[in-house]
There are 2 protein chains.
Amino acid sequence: MGTTSKALSLLNFFSRATPQIGLSELARLSGLNKATVYRLLTELAGHGFVEQVGTGREYRLGPAFLRLAALRENQVPMREVALQQLTQLCDATGETAHMSLLNGDVLSNLAYAYSNRHGTMVMMEDAEVLELHSTGSGLAVLAYSPVSFVDETLSAPLTARTSQTLTDPVEIRALLPSIRKSGIAESTGGFEEDVISHAVPIFDARSACIGAMAVAAPVSRMTDHLRQQIRDELMARARHTTRILGGFPPDSFPTYEPQNMLQKEA
Amino acid sequence: MGTTSKALSLLNFFSRATPQIGLSELARLSGLNKATVYRLLTELAGHGFVEQVGTGREYRLGPAFLRLAALRENQVPMREVALQQLTQLCDATGETAHMSLLNGDVLSNLAYAYSNRHGTMVMMEDAEVLELHSTGSGLAVLAYSPVSFVDETLSAPLTARTSQTLTDPVEIRALLPSIRKSGIAESTGGFEEDVISHAVPIFDARSACIGAMAVAAPVSRMTDHLRQQIRDELMARARHTTRILGGFPPDSFPTYEPQNMLQKEA
DNA sequence: TATAGTCGGTTCATTATTCGAACCATTGGT
DNA sequence: ACCAATGGTTCGAATAATGAACCGACTATA
């Protein structure tokens, strides 16, 4: 691993749960030498990527990201694009729609949209991080990721978010072929109890999987009809989103035929 | 300069004007070897800090900033705080108020607010970059920066944005003591013709200058009364902003006494 | 008040990583 | 067909990263 990667990986230890980290602790977390971490932090700080909280205290993410994110967003307004797509998806299904992007070996939430059709909705959180093995979105991404990446991801210890979370690598691997066949991943209660989630991968210009679009609904509301509706809408919407973001599904990606067309037409 | 700094400095070449850059061009811009730039870009790409546009094409800023900016903003909602302060400042003066942060050796726009009191207003741009020598904000920052930083900044070639831009380092240095005395920098037409700008530095928890808050007005509208009003409001607002962002003005920073108190009271 | 264990920050000889000139294979314009 | 770009790759030389040990300052404990 190069020096730059080490420096950048330090940034991944900052999260909503641990927004500021001390030098020694960060050295411990990253497994790097304290002096090394100090140098890296100093360089990061010089560019505004981290900053120190008080005097001689912990570090936190710096102000540079505001500008860079603004530039990125200006050039590739992914969040706006995603939000617009999610709103339509959400209107069509009546359930919470969200989209997340692959960031290292986790997914981070990009945007989400709620429906007001029902009294209860699955709630999402900004900048939330989703593990690949415990969510529908994660499974969708794994199914369209290189084998080496899957191996790496599944070789790490898999934590159980709920009693229904799959933590057996063999079991997870077994799901991937069928996901590839349908283009849709389904997960029940893997991330939150009583939530059933459908997810479809999103691809970039090189047909690499960069994230997933998903619909999350309470288990209690799921019917065959709703499931079919979600699958149809989600697949069409995700394809379109990939396209307007400048991406292309790989050749192997299934050309989905809506199953409830007849019902719609009838 | 460390390897990490080199990698991070590559990111600074991306701007609104040049949102995507090829390998060779980036090597030229940065003065680094092409192989070096390639390695650094590869590492940056691995963390989502840059990405390639098509197949074998130019690079642009990556999606990682969305998440990191969200985390940063979640912990330190600087933009919201700034926006709120700017709105009040703008209401009080009737002119465009904006705030920018020091990022390396330039200022980047954080937020701005327009008034609807007049038909014409000075306009701002998101993620715009301001050079330190050509703007009121820049002069305010220079006046409260370490000598070494001033030397470094003024030793680089200074480009003239307008016919009124100061480009002589000696001339610029001569302004700094008076800015330090009043705490306010004033610049006429340095960045845009016919715009007069007042700026006050903003400080962090260690009393280091991290940016500036400013009011920009058309030259044609400037009167002694407006100038005084802007100075009073701006100084008070900037002090307050520094404070609620968790910062402290240095001991040397002047304790400003509003000059038009009597007029107000009368 | 003495002590032990933190913390952030610093030093310096060793060593592993980065560097860069030269070199491909492609592409696009003349 | 040619030339001058481009993105990407190689490998010995040179540089920059590394980490154990060490500060001084703090804090909690005894």
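Assorted remarks:
- Sequence-distant residues sharing a close amide H with residue B:211 (under 5 Å, placed H): B:102, B:202
- Gyration tensor verdict on segment B:155-266 (Cα atoms; rounded if a/c is under 1.5, prolate if a/b is larger than b/c, oblate otherwise): oblate
- Computed from Cα atoms, the angle from the helix B:169-182 axis to the main principal axis of chain B rounds to 50 degrees.
- Kirkwood-type radius of chain B, with distances r between different C-alpha atoms, in Å: 19.8
- Reciprocal of mean inverse Cα separation for the protein assembly as shown (Kirkwood radius, Å): 25.4
- Helix axis angle, A:64-75 relative to chain A longest principal axis, alpha carbon, degrees: 40
- Entry comment: accessible area of chain A is 45 Å² per residue, from protein heavy atoms only and a probe of 1.4 Å.
- Residue of chain B with the smallest Cβ distance to the axis mapping B onto A, distance rounded to whole Å: B:69, 2.
- Relative to the other identical copies, residue B:163 shows label-point distances of 8.1 nm, where the label point lies 7 Å from Cα along the Cβ direction and values run shortest first.
- In this view, the solvent-accessible surface of residue A:161, computed with a 1.4 Å probe and all protein chains in place, comes to about 120 Å².
- Taking B:44, B:166 and ordering them by how much accessible surface each has at a 1.4 Å probe, largest first, produces B:166, B:44.
- Taking 15 Å as the cut-off, the amide N atoms of segment B:57-86 that come nearer than this to a point 7 Å along the Cα-to-beta-carbon line of residue B:28 belong to B:58-59.
- Accessible surface buried once B binds A (1.4 Å probe; total of both sides; Å²): 4600
- Shielding by partners for peptide A:42-48, expressed as the average number of C-beta atoms from other protein chains within 10 Å of each residue's C-beta, is 5.
- Taking Lys and Arg as +1 and Asp and Glu as -1, the other residues whose beta-carbon sits under 12 Å from that of residue B:91 total 0.
- Charge tally in the Cβ shell below 13 Å around residue B:16, where Lys, Arg are +1 and Asp, Glu are -1, residue B:16 excluded: -1
- Electrostatic dipole magnitude of segment A:76-265 [Cβ: Lys, Arg +1; Asp, Glu -1; Cα centre; debye, to 20]: 480
- Sorted shortest first, the distances from the residue B:177 label point to those of the same residue in the other copies are 8.3 nm; each point sits 7 Å from Cα along Cα-to-Cβ.
- Computed from backbone phi, the HN-Hα couplings of segment A:33-48 come to 5, 4, 5, 4, 4, 4, 4, 4, 4, 4, 5, 4, 5, x, 9, x Hz, rounded to whole numbers (Karplus: 6.51 cos²θ - 1.76 cosθ + 1.60, θ = phi - 60°; Gly and Pro given as x).
- Rounded to whole numbers, the Karplus 3J(HN,Hα) couplings from phi for segment B:211-218 are x, 8, 10, 9, 10, 10, 10, x Hz, using 6.51 cos²θ - 1.76 cosθ + 1.60 with θ = phi - 60°, and x at Gly and Pro.
- In segment A:2-40, the residues whose accessible area drops by at least 40 square angstrom when the other protein chains are added to the isolated chain are A:4, A:5, A:8, A:16; the probe is 1.4 Å and only protein heavy atoms count.
- Apportionment of accessible area to carbon and sulfur, segment A:3-66, percent (1.4 Å): 50
- On segment B:76-259, 52 percent of the accessible area sits on carbon and sulfur atoms, based on a 1.4 Å probe.
- For chain A, built as a Gaussian network whose Cα springs stay under 10 Å, the top-fluctuating residue of A:128, A:43, A:95: A:43
- The largest accessible area among A:182, A:100 belongs to the first residue in A:182, A:100, and the rest follow in falling order (1.4 Å probe, all chains).
- Normalised Debye scattering of segment B:1-121 at q = 0.10, 0.19, 0.23 Å⁻¹ gives log10 I(q)/I(0) of -0.44, -1.03, -1.28, counting only Cα atoms as equal scatterers and leaving out solvent.
- Taking a quarter of the surface of the Cα convex hull of segment A:182-242 gives a mean projected area of 4.2 nm².
- Radius 14 Å from Cβ of residue B:133, net charge of other residues (Lys, Arg +1; Asp, Glu -1): -4
- Only Cα pairs under 8 Å and 6+ residues apart enter the sum, and on that basis the relative contact order of chain A stands at 15 percent.
- List A:210, B:202, ordered by accessible area with a 1.4 Å probe, largest first: A:210, B:202
- With label points defined 7 Å past Cα in the direction of Cβ, position residue B:45 shows copy-to-copy spacings of 3.3 nm, given to one decimal and shortest first.
- Hydrodynamic analysis of segment B:3-66 uses the Kirkwood radius over alpha carbon pairs. Inserted into Stokes-Einstein at 37 °C and 0.692 mPa s, it gives a translational diffusion coefficient of 286 µm²/s.
- From the largest down, segment B:41-193 spans 51, 40, 30 angstrom on the principal axes of its Cα atoms.
The values are calculated or read from the model by the stated rules, or taken from the named source; none is laboratory data. This one's a predicted model, so the numbers in the text were calculated from it and none came from an experiment. Cβ: placed from backbone, ideal geometry, glycine included. Neighbour counts: every protein chain shown. Ligands, DNA and RNA are excluded from the accessible area calculation, which covers all protein heavy atoms including side chains. Shrake-Rupley method; radii C 1.70, N 1.55, O 1.52, S 1.80 Å.
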